[in-house]
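Below is one structure, written out as structure tokens; comments come after it.
Throughout, read-outs are computed from the coordinates displayed, never taken from laboratory work. Remember, it's a predicted structure, so these values are computed and weren't measured experimentally. Here the Cβ positions follow ideal geometry from the backbone for every residue, glycine too, while neighbour counts run over all protein chains shown.
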Amino acid sequence: MTQNKYVRSWVDEMVALTCPDKVVWIDGSELQAEGLRREACLTGELIKLNEQKLPGCYLHRTAVNDVARVEGRTFICTTKKEDAGNINNWMAPAEAYEKLGKLFKGSMKGRTMYVIPYSMGIVGSSFSKIGYELTDSIYVVLNMLIMTRVGVEVEEALGDSPEFIKGLHAKADLDEANRYIVHFPEDNTIWSVNSGYGGNVLLGKKCFALRIASWLGRKEGWMAEHMLILGIEKPDGETRYICAAFPSACGKTNLAMLIPPAFLREKGYKVWTVGDDIAWLRVGKDGRLYAQNPENGFFGVAPGTNEKSNPNALATTKKDTIFTNVVLNTDNNTVWWEGLDKNPPVHAIDWKGNPWDASKYDKNDKSTCGAHPNSRFTAKAVNCPCLSKEFNNPEGVPIDAIVFGGRRAKTAPLVYQSFDWEHGPFVGSIMASETTAAASGAVGVVRRDPMAMRPFVGYNMGDYFAHWLDMGHRIPKAPKIFHVNWFRTDEEGNFIWPGFGDNLRVLLWMLDRVDGKVDAVETPIGYVPAPGDIDTTGLDLSEETMKELLSVDKEAWLADVANIREFYALIGDTVPAELQAQLNALEKRLSE
Ligand code: OXD
Ligand code: MN
């Protein structure tokens with residue numbers, strides 16, 4: 001237990017508020033973790049899985065009303081409303097403390113409070129930041145032990161400093177109507193109550209490493225982004241690094257762990273994973289931008305993960321993993337989810353804990369799913385077969401390219417490059433995803449999700465854009481910025497681009513652009529590859545189809561400009577003049 005007086009007095013205060021029967025300090029040891037797993041199995045909070053087939057693996061089920069992040073109940077509490085901006089929900093700090101204080105009051109009576117000292121980032125690295133999470137959930141403790149670096153070494157690194165993020169979480173009675181995920185960036189504080197779902201309660205992840213960290217990054221001159229980090233090893237042994245931001249559930253984990261297509265594998269290309277969800281970015285001494293993954297594990301979406309889509313993720317989950325809300329196969333005590341394989345278990349329990357009959361499964365009716373569509377695996381990074389050897393490098397990895405991406409049926413081409421750095425944040429700011437009605441091919445609703453950070457920026461979105469522009473001036477050797485869309489569809493609504501491992505072909509074009517090895521075609525939206533510059537060896541894609549994938553539909557883009565204007569108006573007058581000028585220039589180029 002730390003002697004840090006700031007930690008001790010804050011813990012005392014939170015104990016007085018929540019009134020736990022017992023307080024347990026988490027030391028990061030395997031012995032303590034094993035004791036907690038055993039206790040959780042006794043109460044039913046965890047189910048131990050088949051030790052031969054899935055050693056060290058467990059299943060957990062959340063309450064049925066508590067299966068995803070709750071954006072509508074997530075708040076940024078700054079003294080001035082304009083500091084949180086129009087995109088975030090805002091509450092005055094005093095009001096939030098009072099409102100949640102009542103919910104926390106006595107909420108741990110009859111329960112144990114666990115005190116988790118954790119580091120986001122490699123302990124002792126200049127990137128890293130320390131947090132404490134107080135929670136009444138063993139599930140949270142065990143997930144934090146996988147997702148972050150926990151224990152005595154973290155307390156030693158903090159020493160007697162007051163610089164730590166104070167996280168308080170209580171399950172209370174899981175009451176949806178009183179569920180709140182609240183951030184006080186001015187106080188380095190996060191309060192989460194009435195949930196037991198990962199994204200709401202593993203406070204190191206979205207709450208700290210994105211919302212609070214983005215606030216700190218702006219103050220201190222660095223960036224916290226919703227980005228994967230991957231390394232591409234070339235046949236000559238050199239490895240180049242790329243960061244990519246896609247909205248939730250658009251395949252970041254799959255891209256981060258991709259397996260190159262056979263002809264590139266044979267040439268000697270390899271892909272290494274540094275991170276699948278969050279990147280902290282700082283300018284290095286050499287003037288390049290460096291990235292570190294602040295997490296220590298993966299909290300991935302299970303459904304759809306299989307031997308084809310992501311064999312590396314699947315392999316990562318074969319030991320030491322906590323599965324949440326997947327199907328339990330009662331014949332052999334293993335797990336299953338939709339899209340794992342074509343052999344659903346015959347005797348099974350669904351994510352709600354009820355007997356499940358796979359033969360009644362109808363893919364158009366989510367209520368018949370055995371696993372919840374947002375069911376998850378929490379798996380250790382060290383168990384990932386393609387983990388980068390730079391994963392624990394305290395300096396981070398140098399970034400050559402930043403990639404933004406969305407899910408667009410028609411508008412965005414397969415790939416384009418921004419004209420320059422200033423145009424890059426513009427490209428990020430107009431990121432969007434849409435739903436497609438597959439049957440009719442009709443285009444659905446567009447949700448603008450700048451830099452994939454709409455739910456995660458801990459301050460005013462316009463100020464966040466300004467920070468991106470400002471960072472351009474601080475990075476002498478800035479990465480190049482690109483946009484991709486793996487999801488372009490044909491008239492029948494079928495995806496045109498094969499995706500998955502073949503996405504490496506597009507990343508290699510980017511690296512050629514970075515190295516000045518290949519020309520590109522200038523279009524109103526940016527530079528696109530010349531026909532033939534993306535290697536399509538072994539793919540069944542005609543030149544016509546490639547042209548279609550890379551085409552820019554001016555009418556669709558002009559309609560998009562109108563939608564972007566509305567979105568900028570929603571953010572308000574903090575949108576930097578530079579980005580408004582970029583939007584006007586785009587419109588002009590499209591109209592010419
Ligand atoms: C997300 C996640 O929702 O990573 O983005 O869980
Ligand atoms: Mn995410």
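So the values come out like this:
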read-out: Whole-number Å³ per residue for the convex hull built on Cα positions in the range 389-533; value: 154
read-out: Net charge contributed by nearby residues that have their C-beta within less than 12 Å of residue 499 (K/R +1, D/E -1); value: +3
read-out: All-pairs alpha carbon distance profile, the range 158-306, 10 Å steps from 0, percent; value: 10, 31, 33, 18, 7, 1
read-out: Nearest-20 debye value, the range 298-383 charge dipole, Cβ charges on Lys, Arg, Asp, Glu; value: 240
read-out: Highest to lowest packing among 378-389, 26-37, scored as the average C-beta count within 10 Å; value: 378-389, 26-37
read-out: For the range 352-469: rounded, prolate or oblate by the Cα gyration tensor [a/c cutoff 1.5]; value: oblate
read-out: Under-5 Å amide H pairs with residue 523, H placed in peptide plane, nonlocal only; value: 528
read-out: Percent of Cα pairs exceeding the 18 Å cut-off, where the set is the range 57-202; value: 59
read-out: Pairwise label distance in nanometres, residue 22 with residue 588, each label 7 Å out on the Cα-Cβ vector; value: 7.0
read-out: Size descriptor, Kirkwood hydrodynamic radius, that averages inverse alpha-carbon separations across the range 493-587, Å; value: 15.8
read-out: Sorted peptide list for 349-355, 449-455, 176-182, 157-163, criterion being average Cβ within 10 angstrom, highest first; value: 449-455, 176-182, 349-355, 157-163
read-out: Compactness relative to 2.2 N^0.38 Å, alpha carbon Rg of the range 298-383; value: 1.03
read-out: Built amide H within the under 5 Å cut-off of residue 335, gap 5+; value: 329
read-out: Quotient of C-alpha Rg and 2.2 N^0.38 Å, computed over the range 396-437; value: 1.35
read-out: When each of 252/389; 99/129; 205/267; 517/547 is checked by Cα-Cα distance, pairs over 31 Å; value: 205/267
read-out: Quarter of the Cα convex hull surface for the chain, i.e. its orientation-mean projected area (nm²); value: 26.0
read-out: Convex hull (Cα only) mean projected area of the range 248-302, reported in nm² to one decimal; value: 5.6
read-out: Dipole of the chain [Lys/Arg +1, Asp/Glu -1 at C-beta], most positive-end residue of 255, 580, 194; value: 194
read-out: Cα-Cα pairs of the range 56-98 separated by more than 12 Å (percent); value: 68
read-out: Kirkwood Rh, Cα atoms: Rg over Rh of the range 10-75; value: 1.07
read-out: Percent antiparallel among DSSP beta bridges (both partners in the chain, rounded to 5); value: 65
read-out: Highest-first arrangement of 333-342, 358-367, 295-304, where packing means the average Cβ count within 10 Å; value: 295-304, 333-342, 358-367
read-out: Descending principal axes extents, the range 103-187, alpha-carbon based, whole Å; value: 40, 28, 21
